[in-house]
Amino acid sequence: MEQKKLTVLDIKAFKNSEKAITSLTAYDYPWALLMDKAGLDIILVGDSLGMVVLGYDDTVAVTMDEMLHHLKAVTRAVERALVVGDLPFGSYNVSIAKAVENANRFMKEGKADCVKLEGGKNMAHVVEAIVKAGIPVQGHIGLTPQTVSALGGYKVQGKSAQAAQVIIDDAKALEDAGCFSLVLEAITAPVARIITETVSIPTIGIGSGIHCDGQVLVTHDMLGLFDRFTPKFVKQYTKISEIAATAITEFKTDVEKKKFPEEQHSFNLKPDEFKKIERNLK
Ligand code: KIV
């Protein structure tokens, strides 16, 4: 049966329902296909790509071209989920014109359904311009990895009353600017709850407790496929790297011991034809 494609209006409507919004990151065709078939609501082509797939130290180095390359692979697979393209660092903080131009590229070339960008009040004018251009925007506040050096490291946000107020004000500013939803990253759970109860758009938490309207994780973290570290807020559902390592070692052993390929993995030709080849060689 053909799946109805989810829109930002469907995602917004989940806010006032019992349904929790489900989201994971994807960077390529096969994983996006699996996620879409599993019925996830939002597939985020995150700039976490830089760390978990491309091997960079952080997300700052990720380029528009790299994001577009992976965004295109994901949108080729997805029929139902809303696909969010994550604008990389440097693509929306130079000028409004550049931000709108890059958001347009995600929609036209990458076939994204919407874009995401990091920042609060300071980015509200950028959000407003992209929304005015007809492109839905997902905000991202709290721990914003692209500006981790300004934040002083990967730290939990909203631990003091003053810090909490700044994030709450950021959430309201982004709602006013036209965001259709907000990612809340590594925000103390009580503050994430206040934000969720304060704004009329859905909040998607990552490391921000149970009271958000939905949850997102970096897929390579939850599948045990990222080797460097696992944040405290990640639930690791499996250890794919161990399963894959076993298969790779088995393949190596099979080849070395001449156990692979077997008859069923090989192609043959008719004996008569083979005899002709042998005769021709003489
Ligand atoms: O890039 C990403 O994967 C993200 C998530 C952490 C929400 O922005």
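Measuring spread by the Cα atoms of segment 198-282 yields a radius of gyration and Dmax of 26.1, 86 Å. Amide H to amide H, with H built 1.01 Å from N, Ser181 comes under 5 Å of Gly139, counting only residues 5 or more places away or on other chains. Surface exposure of segment 132-282, expressed per residue as accessible area with a 1.4 Å probe, stands at 61 Å². With R₀ fixed at 51 Å, the C-beta to C-beta distance from Lys4 to Glu273 puts the FRET efficiency at about 0.45. In the chain, one over the average inverse separation of all distinct C-alpha pairs is 20.5 Å, which is the Kirkwood hydrodynamic radius. Considering only Met51, Thr63, Val84, and ranking their Cα positions along the charge dipole of segment 1-146 that arises from unit charges at the beta-carbon of Lys, Arg, Asp and Glu, the one farthest toward the positive end is Val84. Placing unit charges on the Cβ atoms of the charged side chains and taking the dipole of segment 162-282 about its Cα centre, the candidate lying farthest along the positive direction among Gln236, Ile167, Thr203 is Gln236. Given their separation in residues at 0.36 nm each and the Cα-Cα distance between them, Lys159 and Lys257 gain 29.5 nm when the chain is fully extended.
Charge tally for Val216 (other residues, Cβ to Cβ under 13 Å; Lys, Arg +1; Asp, Glu -1): -3.
Treating r as the C-beta distance of Ile243 and Leu33 and R0 as 22 Å, the FRET efficiency rounds to 0.70. Shape descriptor for segment 29-77: Rg over Rh equals 1.00 (Cα atoms; Rh from the Kirkwood inverse mean 1/r). Using a Debye calculation, one point per C-alpha and no hydration shell, please list log10 I(q)/I(0) for segment 168-237 at q = 0.26 Å⁻¹ in order. Summing over Cα pairs of segment 168-237 leads to -1.06.
Among Thr253, Thr188, Thr219, the largest mean-square fluctuation in a Gaussian network model of the chain, built with springs joining Cα atoms closer than 10 Å, belongs to Thr253. The Kirkwood radius of segment 1-132, taken over pairs of alpha-carbon atoms, gives through the Stokes-Einstein law at 4 °C and 1.567 mPa s a diffusion coefficient of 85 µm² s⁻¹.
Result for the chain in a Gaussian network model with C-alpha springs under 10 Å: among Val83, Val94, Val137, the largest mean-square fluctuation is at Val94. With the helix formula -39500 (n - 2.57) applied to DSSP H stretches of n ≥ 4, the chain reaches a computed 222 nm mean residue ellipticity of -12500 deg cm²/dmol. Residue by residue, segment 258-272 carries 3J(HN,Hα) couplings of 6, 9, 9, x, 9, 3, 6, 9, 10, 10, 10, 10, 5, x, 4 Hz when phi is fed to the Karplus relation 6.51 cos²θ - 1.76 cosθ + 1.60 (θ = phi - 60°); x denotes Gly or Pro.
Counted by Cβ distance under 9 Å from Ala77, the other residues give a net charge of -2, where Lys and Arg count +1 and Asp and Glu count -1. Over the Cα atoms of segment 47-116, what is the Rg over Rh ratio if Rh follows Kirkwood? Radius of gyration relative to Kirkwood radius: 0.96. Net charge in the neighbourhood of Asp47 (other residues with Cβ under 11 Å of its Cβ; Lys, Arg +1, Asp, Glu -1) is -3. Each part gets one Cα centre, and for segment 128-203 versus segment 204-248 those centres are 22 Å apart. Per-atom-type breakdown for the chain gives carbon and sulfur 57% of the accessible area (1.4 Å probe, protein chains only). Largest first, the extents of the alpha carbon coordinates of segment 113-214 on the three principal axes equal 36, 29, 22 Å. Normalised by 2.2 N^0.38 Å, where N is the number of residues, the alpha-carbon radius of gyration of segment 130-282 equals 1.83. Per-residue packing, averaged as other Cβ atoms within 10 Å, sorts the ranges 231-238, 190-197 into the order 190-197, 231-238, beginning with the highest.
3J(HN,Hα) along segment 50-58, derived from phi through the Karplus expression 6.51 cos²θ - 1.76 cosθ + 1.60 where θ = phi - 60°, amounts to x, 8, 8, 10, 8, x, 6, 6, 8 Hz, with x in place of Gly and Pro. Ranked by the mean number of other Cβ atoms within 10 Å per residue, highest first, peptides 75-82, 5-12 order as 75-82, 5-12. Sorting 242-248, 200-206 by average packing, meaning the other beta carbons within 10 Å per residue, from highest down gives 200-206, 242-248.
The values are calculated or read from the model by the stated rules, or taken from the named source; none is laboratory data. Here the structure is a predicted model, which is why all the values come from computation and not from measurement. Note: ideal-geometry Cβ built from the backbone for every residue, glycine included; neighbour counts use all protein chains shown. Side chains are part of the model used for accessible areas, which takes the heavy atoms of the whole protein and leaves out ligands, DNA and RNA. Shrake-Rupley method; radii C 1.70, N 1.55, O 1.52, S 1.80 Å.
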